[in-house]
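Contents: one structure, followed by commentary.
The values are calculated or read from the model by the stated rules, or taken from the named source; none is laboratory data. None of these values were measured; they are calculated from a predicted model. Cβ placement follows ideal geometry from the backbone for every residue including glycine, while neighbour counts extend to all protein chains displayed. Protein only, heavy atoms only, side chains kept; ligands, DNA and RNA dropped before computing areas. Shrake-Rupley method; radii C 1.70, N 1.55, O 1.52, S 1.80 Å.
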Amino acid sequence: MVRVLVYLAVFACLAFGAVWLADRPGEISVIWQGYRIDTSVAIGAIGVVLLAFLVLLVWAVIRFVFGLPSAFSLSSRARRRARGFEAVSRGMVAIGAGDPVAAGRYTGEARRFVPNEPLTLLLEAQTAQLTGNRPQAEAAFKAMLDRSETRVLGLRGLFVEAKRRGDMAAARAFADDAVRRSPSLAWANDALLDFHTNAGDWQAARTAVERRAALRLADKAEARRQRAVLLAAEALEARDKEPERALAAALEAVKLAPGLTPAAALAGRMLSERGDVRKASKLLEAAWREAPHPDIAAAYLDVRPGDSALDRLHRAQTLSRLRPADPESVLALAGAAIQAREFQKARETLKPLLAGGASVRACLLMAELEDAEHGAAGKVREWLARATRAPHDAAWVADGLVSDHWMPVSPITGRLDAFVWTVPPATLGSPPQALDDVLADLDDSTKLIEVKAESAVTVEPTVVTAPPVAKEEPNPLPPAPAEAGSEPARSEPSAKPGPAEAETVEVPKPAEAAGAPAGAVAAAPARDAAAPKPVIFPVPHAPDDPGPDEEPPSEPKKSGFRLFG
């Protein structure tokens, strides 16, 4: 719209000028080299305009002629630049695809066409890293330091290479230089935080955390938690050397993160040692509401030194009321009840927890309870054996490492605030023990023995099915005589089983069989008349078998086998 108005204004001025010249006619005379030219003012103005246009045209032609070499040079440079950037683009794609051969080819093209471009240096460094040529990669990153636009990128690459070869001093120097040149670099701030925490420089680490929070590289909740963890680490380190500074750091850590167990337990114990029992109790109760933990329970039960076991039991009941459904409340209350010799209360407290599957600590408490109440070494050993098979309780876990105490930094990865109070992953799938097996000892021990005695199983007579005997020719041989003291065996020719039939024999009870002599083959005459008699099955002989006539008279041959109990 503005351009249209400008054009209209220009045309209006030209029209006004033309009208103005038309209203004021005049004559122009030009005398040059003996020639005289007379014309009007309007024609003279038109001639001046044409002359100016002609001069401009001639000047343009002259510039074009003299500018041809430069134009050819610019065109060549443009083509080379285009080919160079195309090589850089394809080289980056080859690096992303993991093709070192193509990446090396395109790197060579980019170095030939656009050697002074920052992207060429980046492509060269990336290709060297892909092919494993570390010296060449470091040389490319060092070349980036000479240019202001690639200096930070070169520092990042040198930092990565220094960490790969294990030179942490050089890596820290590169990170420091990067933060000094560009304070908003996330990777450099994170690296400095890791260096400070791994070195145990908690104050420098807190400075790094505060700088990250100020630059909004971390959210407020994460920054508060990290500051609390660093303060807790500082308090634990200064516990014996500088108790005042340790207490101040622990209280500030609890203020920032009330559920941080190490800081709360340390602050509670130090306050109780100073005699400030009321403040210590409130602090530990608040921490227990946030995250129940055995260290919090131990500090709370010992908040007033010299108290009796009954007073400790009352404080354990207070914790149980704060978190009644938490297993830590149950274990703390049961342990305090055992120490106060309130054994029945300890059993009632542990029963709901054992119903869901006894853990190691629950089994150990039951062993302590049996030892304190009955002194039953057998029961104690039984519960200790169950503890070896029971699922593990929660512990401090970080990066797959299970520790018996909290640490501010993971020893595996060096990550800050890595430890979490949870069940170790390896024991999550452990099946709980059977309810009857775990809950049995919560009742009276005498009753338990009686129930086990009554639960004996009585073995009833078993019916044995004899295998079917195929039909054979009648045996002409007489049956073998029975052993002395036994009844003669009876065979019923008409009751011989057929091919598809079978006889059943009732086996006597084990109690009766146990009283028989070791060498008895048939039932003795003194046995009860109702006892089953052995049955002899005839065994067919081969045609060439001479039979019992050729046997020695001292040892008659048995012509069949017997089934007996």
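If you go through the stretch 323-343 one residue at a time, do you hit one that is crowded, with 17+ Cβ neighbours inside 10 Å, hydrophobic (A, V, I, L, M, F, W, C), outside any helix (DSSP H, G or I) and touching a strand residue (DSSP E or B) at 6+ places or on another chain (Cβ under 8 Å)?
Within the stretch 323-343 (the criterion being crowded, with 17+ Cβ neighbours inside 10 Å, hydrophobic (A, V, I, L, M, F, W, C), outside any helix (DSSP H, G or I) and touching a strand residue (DSSP E or B) at 6+ places or on another chain (Cβ under 8 Å)), the answer is no, since none of the residues qualifies.
Here are the criteria: (1) under 31 Å from the mean Cα position of the chain (by Cα); (2) surrounded by fewer than 17 Cβ atoms within 10 Å (Cβ to Cβ); (3) assigned to a helix (DSSP H, G or I). Tell me which single one residue 348 does not satisfy.
If we test residue 348 against (1) under 31 Å from the mean Cα position of the chain (by Cα); (2) surrounded by fewer than 17 Cβ atoms within 10 Å (Cβ to Cβ); (3) assigned to a helix (DSSP H, G or I), just (1) comes out false.
Are there helices (runs of 4 or more DSSP H) fully within the stretch 102-213 with at least 2 residues that are under 29 Å from the mean Cα position of the chain (by Cα) and touching a residue at least 60 places away in the same chain (Cβ under 8 Å)? List them. Please lay out each step first, then the result.
Numbers: elements: 118-131, 134-144, 151-164, 168-181, 186-199.
Passing ranges, in order: 186-199.
What number of residues in the stretch 214-244 are surrounded by 14 or more Cβ atoms within 10 Å (Cβ to Cβ) and over 25 Å from the mean Cα position of the chain (by Cα)?
Number satisfying all stated conditions: 9.
State whether one or more residues within the stretch 310-326 are within 26 Å of the chain's Cα centre (by Cα) and without any contact (Cβ under 8 Å) to a residue 60 or more places away in the chain. Give the steps one after another, and end with the answer.
Applying the first criterion (within 26 Å of the chain's Cα centre (by Cα)) to the stretch 310-326 yields 326.
Narrowing further to those that are without any contact (Cβ under 8 Å) to a residue 60 or more places away in the chain: 326.
Among the residues of the stretch 310-326, at least one is within 26 Å of the chain's Cα centre (by Cα) and without any contact (Cβ under 8 Å) to a residue 60 or more places away in the chain, which makes the answer yes.
Looking only at the stretch 356-371, count every residue that is among the polar types (S, T, N, Q) and assigned to a helix (DSSP H, G or I) and tell me the total. Quick ask: steps written out before the conclusion?
Going residue by residue through the stretch 356-371, those that are among the polar types (S, T, N, Q) are 359.
Next, only the ones that are assigned to a helix (DSSP H, G or I) stay: none.
Matching residues across the stretch 356-371 total 0.
I'm trying to understand the selection: among the residues of the stretch 16-54, which are assigned to a helix (DSSP H, G or I) and either open to solvent by less than 80 Å² (accessible area, probe 1.4 Å) or touching a Gly at 6+ places or on another chain (Cβ under 7 Å) (or both)?
Correct list: 17, 18, 21, 22, 41, 42, 44, 45, 47, 52.
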